[in-house]
Structures are given as C-alpha cells and as structure tokens.
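Undergrad: Let me begin by handing over the structure; questions about it come next.
The values are calculated or read from the model by the stated rules, or taken from the named source; none is laboratory data. Because the structure is predicted, anything quoted here is derived from the model rather than measured. Positions of Cβ are backbone-derived with ideal geometry, glycine not excepted, and every protein chain shown enters the neighbour counts.
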Amino acid sequence: MLILYVAPRYHTNQIPITEGLLKAGYQVRFLAMYKGVSENYEALKPDILKTPIILRTVYKIIRKRRGEVYAENWMLRNYKPGYIQILNYLRTSKPDIVILRERSRQSRIVHACCKLLGIRNVILYNQNPINADEWRGKRLKQMLAKIVFPKVRYSPVKYVNLLNSSYSSPTIPVNSHAYFAPFVQEVNIIPEEKKYVKDGIIRILDVGKYRDYKNHKILVEAVSLIKERKNFHITIVGQVSNEDEQEYFDSLASMIQDYNLQGKFTLLKNIPYRRMKELYTDHDIFVLPSKKEVASISVLEAMSNGLCTISTDNNGTAFYVLEGNAGLIFDNTSAKDLASKLVYFLGHQEEISYYGKNALNYIRENCGFEKYLERLRHIVRKEFKSDI
C-alpha cells in the first residue's frame, strides 16, 4: 500500500505522519515543489518537481527586487508542473492513495493526471475548518472546484475565532465530504519527569519565523507593560534564511533594546528541528502571538511537551488548547490582553503545571498517530468503499 502526499514542501508537521505510516508497514512518498530551509529528512526524503527555466528566471528576478518572502509567495501562486512530468511520476510510483495539499495549480494538475490514469482514491487536505462554508458567495468557483479538485477533504481544524461573540461549534460540517483528522503529535515527555518553574524562574517560549505575521513584537509590547515583574524570562526561536527575515530579526532586537528589556529576552535563530525538544522541555509556558495562523503546529509541539499554552485567537489549532483545557486564548490585536494572561500565570504558578498536565493528557488521548490513521481509514472506507 503506497500513500503519496503532494504539497509545496515537506513541512515538519508531516514528519510524525510519515514515521507512523512507515512503522505501520505502509510505503510513503512525498512530492514537493521545493526544499525548505528548516526541514528534516531523517524519515523520508521528498521527491522534488523540476521547475521550468522561465519560472526559475522570473523567480530570481522577483527575489532580487522584492525579497525572498514575496518571491516565495509568488512561486506558490504561479508554479505549474508539466503534465508529462506528473504522468510519468504517477505511472512509475503507482500510488494507491493520493493526498493533495490545498487547492492549487499543482494539485489541479496532479488530480487531472490521476483521473487520466484511473487513480480514484484522491483526497484534498487543507486547514480550513471542517464546518466552514468555503464557497460562501463564490458559487461559480465552487462549481469549477468540484470538477478540477477532489470532492473529499480532510482538515486538522474544527473551528476558529474562539473569542468571537457569535462563535458556535457546529458538530455537522457544511460539506458532507469534509472530515476532521487530527494533527499527529505524540507525547514527548514522561509526565512525572516534567519539572516546572525551576529555580523560581518561569520560562516562556515563542517559536515562529522572523516575519511580521508571526507578531513577535506584540509579545515585546506585552512584556513592556509588566517589566517590573522579576520572575520570568522569554526565549524567541525563529528562522532567518533571507534578507527580509534578517531585517525583522534586527528590528525585533532593536525594539527589545529600546524598551530596555535585554534581560528579559533571548533571541535564537535557525535551531535544528531535533534540538527543539530540548527547548520545549526547558520551558514552562508557550506563547503563540501570530496575527493570523492557519493552523500552528508549534502549539501541538508545545502541548506534547507539557507546556501550558497561550495562543492567539486567530489560529486554527487554538481549539486544541480550548478542548484540552491546556491554557488560555488572547486577542491577537491586544498587547494588554496578552500581558494580562502572562500576569495571571506569573501570579498563579501552580496553574502552569495544571494546564501543562492537561495538555499532555489531551495529546495522548486525541493526537496520536493511531487517531490519524483511524480517521484516514474511515474516510477511505466511507468515500471509496475500500480499506487501507
């Protein structure tokens, strides 16, 4: 049984899925557009599509003029693999199940090639909430999407906007072919061995690329409101792989200096994936301050290491924190609200371990690989009348 995943790149959230499937005896391949900077290929090395010369040339020009981030987003929007390349790849690999990431040009072409070759077990994976009406006001696009993309979809996100006063949690998705399948995250620490607030210092961790949307600066603003507090320290870990990210990193460091908070913050960059466990283990609280996060995997990584979590409300995985009673949610536009959440834990240290242990229990019961495989089997059985 060969399962083929197709996505722009081999994201770190694919690692536990790949490892679990391989351990369970499945064959796994991954077809990607490009290699990312902070990827780990210990379990699987992805196959990389060839980029047309014209597209590579335009990409280099845009990167030089507009920066790496803009060029990367442009490539994601405009990349279109050749039909012959995809057909040859599918004929050679002979996948039993194909899982496509997002409704993109890449996915559209791969899906068309699957149809030509009679590969019927094709599933779309995205991170839109399963109860979302993806096509509200876009009925023409919906009609076209039904033709060029798989009708079956799964997502690791149930619902978002948890602080919205009109928020509700429908149990039945709008699309009957939309399913929930959790992010795969195993518990990474023995609960009894997790030590909180060592030496009387509360250690807070923030993980995210050094880019504006990650909103690290709101955390600095929040700390500036409570800087008289003495019993905490914050570590920010992020990727710096281009001029844009270096510029943001430098700006963040300057902001910390301007607020005279050098003693409160440590900034780290380009930490290897396998070293992250040590950082999670050494910290007590995890903060995700992003302006908008489709579905942060770092929240799950933090929970799996027993960290009490404070998540922005505009994050697709915030519901894991809510359902697991694993921390608090804050308004991503308010440094004052974030500061109030920090103050609460600084003044109630016993709550840190309470939420941290809840996080471990939730991950163990809801996010293990077997839960993901169970949901995938359910989807294949119900939609394609077959088994894996």
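Undergrad: Before we move on, is Y89 hydroxyl-bearing (S, T, Y) and modelled with pLDDT under 95?
TA: Working: hydroxyl-bearing (S, T, Y): yes; modelled with pLDDT under 95: no.
When the stated conditions are applied, Y89 does not pass them.
Undergrad: Something else: For the list (1) part of a strand (DSSP E or B); (2) in contact (Cβ under 8 Å) with a residue 40 or more places away in the chain; (3) of a type in the set (A, V, I, L, M, F, W, C), I need the number of the one condition that V28 fails.
TA: (2)
Undergrad: From the list I226, I201, I234, exactly one residue is buried (at least 20 other Cβ atoms within 10 Å of the Cβ) and at pLDDT 95 or above. Which is it?
TA: On the way: I226 fails: buried (at least 20 other Cβ atoms within 10 Å of the Cβ); I201 fails: buried (at least 20 other Cβ atoms within 10 Å of the Cβ).
Only one candidate qualifies: I234.
Undergrad: Continuing with this model, one more query. Is it true that I97 is under 18 Å from I147 (Cβ atoms) and either touching an Asp or Glu at 6+ places or on another chain (Cβ under 7 Å) or at pLDDT 95 or above (or both)? Full working, then the answer.
TA: Numbers: under 18 Å from I147 (Cβ atoms): no; either touching an Asp or Glu at 6+ places or on another chain (Cβ under 7 Å) or at pLDDT 95 or above (or both): yes.
Here the answer is no, as I97 does not meet what is asked.
Undergrad: Out of segment 162-198, which residues are polar (S, T, N, Q) and modelled with pLDDT of 90 or more?
TA: Within segment 162-198, just Q185 meets the criteria.
Undergrad: Moving to a separate point now. Anything in segment 11-32 that is out of contact with any helix residue (DSSP H, G or I) (no Cβ under 9 Å at 6 or more places or on another chain) and surrounded by 18 or more Cβ atoms within 10 Å (Cβ to Cβ)? List them, or say none.
TA: Within segment 11-32, Q14, T18, A32 qualify.
Undergrad: Please go through segment 33-71 and pick out each residue that is among the small types (G, A, S) and buried (at least 18 other Cβ atoms within 10 Å of the Cβ). Outline the logic, then answer.
TA: The first filter runs over segment 33-71 and keeps only residues among the small types (G, A, S), leaving 36, 38, 43, 67, 71.
Within segment 33-71, A43, A71 qualify.
Undergrad: Looking only at residues in segment 212-223 that are of a type in the set (D, E, K, R) and surrounded by fewer than 20 Cβ atoms within 10 Å (Cβ to Cβ), which one is modelled with the lowest pLDDT?
TA: As a first pass, look at segment 212-223 and keep what is of a type in the set (D, E, K, R): 212, 214, 217, 221.
Within this subset, residues satisfying the condition of being surrounded by fewer than 20 Cβ atoms within 10 Å (Cβ to Cβ) are 212, 217, 221.
Values: D212: 95, K217: 98, E221: 98.
Here the residue is D212.
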